[in-house]
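Peer 1: Mind having a look at this structure? Questions to follow.
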Amino acid sequence: MNGRLLLASLVLLATVLFALAPLYRHGDVPIAIHHLLHALILFGAALAALLFTWPGAPRAPGRVPWLLITLLSPLAAMLLMWPSEYSVFEREPALHALQHLGLVLFGFLTAYAGQRFAAGIGIAMSATMLLMGLLAAGGFGVSPPLQVH
């Protein structure tokens with residue numbers, strides 16, 4: 001195994017171990033910090049995929065499925081971070097860890113599929129996904145509480 005593949009494997013392993021934190025770490029984290037941690041999970045997974053596919057994954061006939069995967073994976077990742085669903089995941093550490101593993105999966109798929117579609121697309125889609133995660137930390141897309149008069 002060459003150094004790049006070893007590094008990719010180590011980054012992916014570290015990301016998975018970090019994603020499993022709800023199983024070994026307890027306590028509340030503010031939502032903004034939680035989103036930053038989610039963004040870190042997405043970053044680690046995407047970085048691992050980019051390292052696995054660098055300098056460029058071989059292209060294959062029928063590249064449209066790769067395009068669909070790289071377009072839909074960031075949306076799936078953001079759905080996993082939907083604020084109204086937190087209470088379900090927060091109550092059960094195993095579900096919360098599963099949610100984080102979903103972020104690893106979709107972060108990895110975004111970068112890997114993008115690079116399989118065309119060189120540089122995985123980088124661009126991963127940057128967009130990471131930006132969405134960072135914007136979520138700032139509260140973008142979170143509805144204010146309903147005010148009853």
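The values are calculated or read from the model by the stated rules, or taken from the named source; none is laboratory data. Remember, predicted model here, so these are calculated numbers, not experimental data. Here the Cβ positions follow ideal geometry from the backbone for every residue, glycine too, while neighbour counts run over all protein chains shown. Surface accessibility is based on the protein's heavy atoms, side chains included, excluding ligands, DNA and RNA. Shrake-Rupley method; radii C 1.70, N 1.55, O 1.52, S 1.80 Å.
Peer 1: If you take just the helices (runs of 4 or more DSSP H) that sit entirely in the stretch 1-82, which of them hold at least 2 residues that are modelled with pLDDT of 95 or more and touching a Leu at 6+ places or on another chain (Cβ under 9 Å)?
Peer 2: On the way: elements: 3-19, 21-24, 31-53, 64-80.
In the stretch 1-82, the matching helices (runs of 4 or more DSSP H) lie at 3-19, 31-53, 64-80.
Peer 1: Now for a different question. For ILE121, work out the one condition from (1) farther than 24 Å from PHE18 by Cα; (2) modelled with pLDDT under 85; (3) hydrophobic (A, V, I, L, M, F, W, C) it doesn't fulfil.
Peer 2: (2)
Peer 1: Here is a further query. Give me the residue from the stretch 8-44 that is under 14 Å from the mean Cα position of the chain (by Cα) and closer than 18 Å to LEU79 by Cβ and, out of that set, most open to solvent (accessible area, probe 1.4 Å).
Peer 2: LEU37
Peer 1: Could you tell me how many of the residues in the stretch 116-134 are part of a helix (DSSP H, G or I), under 17 Å from PRO55 (Cβ atoms) and not polar (S, T, N, Q)?
Peer 2: Counting residues in the stretch 116-134 that are part of a helix (DSSP H, G or I), under 17 Å from PRO55 (Cβ atoms) and not polar (S, T, N, Q) gives 6.
Peer 1: Can I ask one more? Go through PHE89, PHE108 for me and flag whichever is at pLDDT below 85, open to solvent by less than 50 Å² (accessible area, probe 1.4 Å) and assigned to a helix (DSSP H, G or I).
Peer 2: Criteria check complete, one pass: PHE89.
Peer 1: What tally of residues in the stretch 124-149 results from selecting those that are modelled with pLDDT of 90 or more and among the polar types (S, T, N, Q)?
Peer 2: Total satisfying the criteria: 2.
Peer 1: What are the residue pairs meeting all of these: first residue in the stretch 92-115, first residue over 14 Å from PHE52 (Cβ atoms), second residue part of a helix (DSSP H, G or I) and among the small types (Gly, Ala, Ser), Cβ atoms under 6 Å, and 6 or more apart or on different chains?
Peer 2: HIS100/ALA19; LEU101/ALA19; LEU103/ALA77; PHE106/SER73; PHE106/ALA76; PHE106/ALA77
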